[in-house]
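Step one of this worksheet: look at the structure below.
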Amino acid sequence: MQSMYSFDAAIEQVLDRIKGPIKLALPLGLGKPNRWVNALYQRCKQLPERQLKIYTALCLARPQPEAGLQQLFVEPFLERVFADYPELDFLSDLRHGTLPANISVEQFFMQPGSLLHCDVAQQSYISSNYSHVARDLNDHGVNLIAQLVASDPQRPGHFSLSSNPDITLDLMPLMEQRRARGEPIIYLAHVHADLPYMPGDAEVAREVFDIHLQEEEHTTLFSTPNMPVSLQDHCIGLHASTLVRDGGTLQIGIGSMGDALTAALLARDASNAAYNEVLQALAVTPETLAGSVAIGGSGGFEQGLYGCSEMFVNGLLKLADAGIIRRAVYPDLVVQKLASADALDDQGAPKSVQTILDAGFCPNLTADALAHLQQHGLLAEGITLQAGELQLPDGNQVSANLADAATQAALAAYLRPATAGVVLHGGFFLGPRSFYARLNELDMQQRQRFAMTGICFINELYGEEQLKRLQRRDARFINTAFTMTLMGAAVSDQLEDGRVLSGVGGQYNFVVQGHALHDARSILLLRSWRESAGEVTSNIVWDYGHVTIPRHLRDMVVTEYGVADLRGKNDAEVIAALLAITDSRFQPELIEQAIKAGKLANDFQLDECYCNNTPERLQAVRAGNAGLFEEYPLGSDFTPDECDLLRALNWLKSKFKLTEVFELGKAALDAPEPAAFMTHLQRMNLAQPQGLTEGLYQRLLLAGLQATAEA
């Protein structure tokens, strides 16, 4: 068994065993051993002759609040939620342009918007599909993997890759080929006590890792607090929820639109009458609602869903706890054929021997075939094969021909539930503190239902394609975009000037799967408009200087105003469908642009029923159905006062430019007296403002609190 190393000893091992450049691969998101990486980084800063290249994605950092009101709100919250989470030293230096010459950082996905103004990060961004990252890292010659892992006293010979088997499981076999050719390769594991131990593919023998780090001190895992779900997002989630088919497959992403979809699916199952009432109120016409429901449904989930998502998000866990994510899939093709043919009962056992034959199993049972059935739990242990006869535990003998009626009758008592069934495959996870706590509450058998595995299994169809096609029936791959062109191209990762907001990640993979699976759909969620500093702009535009998903892969788009089914439609039909879910403030200009380009007929008229796409109409729907529009449907890390404050700060940011003194002054003059919101002012340390600046902050905050309280 490998020895436990101190941080310093581990660094010495790396410096000694890797003579040339150290090419360090760190997992995306949560799985980085930040404290040890910081120690290695600081050591290499002192050794300019040693080159360190860091390859990673989604470097997690506390939000960087702007000075002023935002800072007064955020800093106490950060201290409470993130506590002693260790920031990455190289990320700070990257932001400030102070990386030393011997150290470089390349990422294939960035914390959204965090490095938009960092030239070095923009220049070193690698645009790569998530499923191609392992290949690309191996081609770069990565020679060191460092990863947070979980341990369990009941599994002393193993570690769990836990939150991040995604790239590691795909990359290690490629690196092992290079190790066999004599290249120095090191795998380093750092145990974190709070990281949930996930079994299955994520579980690896401890001996796989060359260096095991001692736990020198406890630190807080990074979490992503649930953010408020707006009216826009709730309406998007409600429309999208009608596209999900009972018994099917679901992939969703992180963020408030994903939370809104989760909330809508929970309501569809638990509060179905109220759910359908809201859908009818939201629908432009009964026909538009009927079209969406025909693709998915609006009833409860009798069969349940299977989750297949590169990111195991909090919403998917909530759906599993509610019994919606419950359709089991299996790693064995024969067992999966049985499941897909509805030949397994509620406990997962074959309904009859005949159903096993119907799934393609050879009737003449050989020793290997018997062992296969027993290995996967379909037949009880204790049955043996001797001279063409099955010896049963009760002493009886029957023919080994499964088509024989007597054999089928005798074996009925020995049929057992299939083993290794899972209800979700995920590549990585990241979420609020409650998400990690909930996973840790589950016993190992319950956790086995959530199979963390390599990203290539989830994001691609090739490799075990027959099995994946059976598992991923009626798949709905649901992702988000921030801009959509009127011709159906989607923008999700980059601005048109070339600056990267986040990254492609696996979105392209899932869009392609949505087309490759005969009964699947790719669904993109989009807010039809946005507001900043009082300026309202459309997120549906005529054209844009960059696309993430090209228009030849267009499929379904959902805004707060409805669903546009673009599959197989010609350009004029696509434009008309997107105009129907565009905010009406922008429809005339877009129609004019499309006519000018010759893509719409000169006499084109949008049906009047789509000309009332306004926030006011949606607000009226919410007023009559407030129960389905919770601000934090999946829970919150914010206190009630903080929820009010966050709402007020977002309102101020959307309505005013902080440089416009006149507008700010007018808002301050209209503010109520401090006594109306005293506990909120105390939370912001503005109950007794000191000086003119704090006085203005107090008045602005009061104006925002009053405006949002009245909304």
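Okay, residues lined up against (1) closer than 30 Å to residue 610 by Cβ; (2) without any contact (Cβ under 8 Å) to a residue 60 or more places away in the chain:
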site: 272; (1), (2): yes, yes
site: 278; (1), (2): yes, no
site: 311; (1), (2): no, no
site: 314; (1), (2): no, no
site: 322; (1), (2): no, yes
site: 332; (1), (2): no, no
Within the range 335-361, residues under 20 Å from residue 404 (Cα atoms), in contact with a helix residue (DSSP H, G or I) (Cβ under 8 Å, 6 or more places away or on another chain) and at pLDDT 90 or above come out as 338, 343, 350, 352, 353, 354, 355, 356
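Taking the condition of being farther than 22 Å from residue 214 by Cβ and either basic (Lys, Arg) or under 30 Å from the mean Cα position of the chain (by Cα) (or both), how many residues in the range 26-49 meet it?
The initial filter retains those residues of the range 26-49 that are farther than 22 Å from residue 214 by Cβ, namely 28-29, 45-49.
Restricting the remaining residues to those that are either basic (Lys, Arg) or under 30 Å from the mean Cα position of the chain (by Cα) (or both) gives 28-29, 45.
The qualifying residues number 3.
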Considering the range 511-549, residues that are in contact (Cβ under 8 Å) with a residue 40 or more places away in the chain and acidic (Asp, Glu), and then whichever is farthest from residue 476 (Cα to Cα), we arrive at 531
Counting only residues in the range 12-33 that are in contact (Cβ under 8 Å) with a residue 60 or more places away in the chain and in a helix (DSSP H, G or I), the one farthest from residue 222 (Cα to Cα) is identified as 17
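Kindly establish whether residue 537 is touching a strand residue (DSSP E or B) at 6+ places or on another chain (Cβ under 7 Å), surrounded by fewer than 16 Cβ atoms within 10 Å (Cβ to Cβ), farther than 26 Å from residue 290 by Cα and among the hydroxyl-bearing types (Ser, Thr, Tyr).
Values: touching a strand residue (DSSP E or B) at 6+ places or on another chain (Cβ under 7 Å): yes; surrounded by fewer than 16 Cβ atoms within 10 Å (Cβ to Cβ): yes; farther than 26 Å from residue 290 by Cα: yes; among the hydroxyl-bearing types (Ser, Thr, Tyr): yes.
Yes: the conditions hold for residue 537.
Tell me, which residue of the range 545-564 that is assigned to a loop (DSSP other than H, G, I, E, B) and crowded, with 18+ Cβ neighbours inside 10 Å is farthest from the chain's Cα centre (by Cα)?
The initial filter retains those residues of the range 545-564 that are assigned to a loop (DSSP other than H, G, I, E, B), namely 545-548, 550, 554-555, 560-561.
Restricting the remaining residues to those that are crowded, with 18+ Cβ neighbours inside 10 Å gives 547-548, 554-555, 560-561.
Working: 547: 21, 548: 17, 554: 21, 555: 20, 560: 21, 561: 24 Å.
The qualifying residue farthest from the chain's Cα centre (by Cα) is 561.
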By residue number, the members of the range 167-184 that are surrounded by 20 or more Cβ atoms within 10 Å (Cβ to Cβ) and out of contact with any strand residue (DSSP E or B) (no Cβ under 8 Å at 6 or more places or on another chain) are 169, 170
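With respect to residue 399, is the statement that it is touching a helix residue (DSSP H, G or I) at 6+ places or on another chain (Cβ under 6 Å), of a type in the set (Gly, Ala, Ser) and free of Cβ contacts under 8 Å to residues at least 12 places away in the same chain true?
So residue 399 fits the description; yes.
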When the range 571-616 is checked residue by residue, the ones that are assigned to a helix (DSSP H, G or I) and either surrounded by fewer than 16 Cβ atoms within 10 Å (Cβ to Cβ) or of a type in the set (S, T, N, Q) (or both) are 572, 573, 587, 588, 589, 592, 593, 595, 596, 608, 609, 616
Is at least one residue of the range 471-494 part of a helix (DSSP H, G or I) and either modelled with pLDDT of 95 or more or surrounded by fewer than 20 Cβ atoms within 10 Å (Cβ to Cβ) (or both)? yes
The number of residues in the range 617-638 that are surrounded by fewer than 15 Cβ atoms within 10 Å (Cβ to Cβ) and in contact with a Lys or Arg (Cβ under 8 Å, 6 or more places away or on another chain) is 0
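The values are calculated or read from the model by the stated rules, or taken from the named source; none is laboratory data. Model, not experiment: these values are computed from the prediction. Note: ideal-geometry Cβ built from the backbone for every residue, glycine included; neighbour counts use all protein chains shown.
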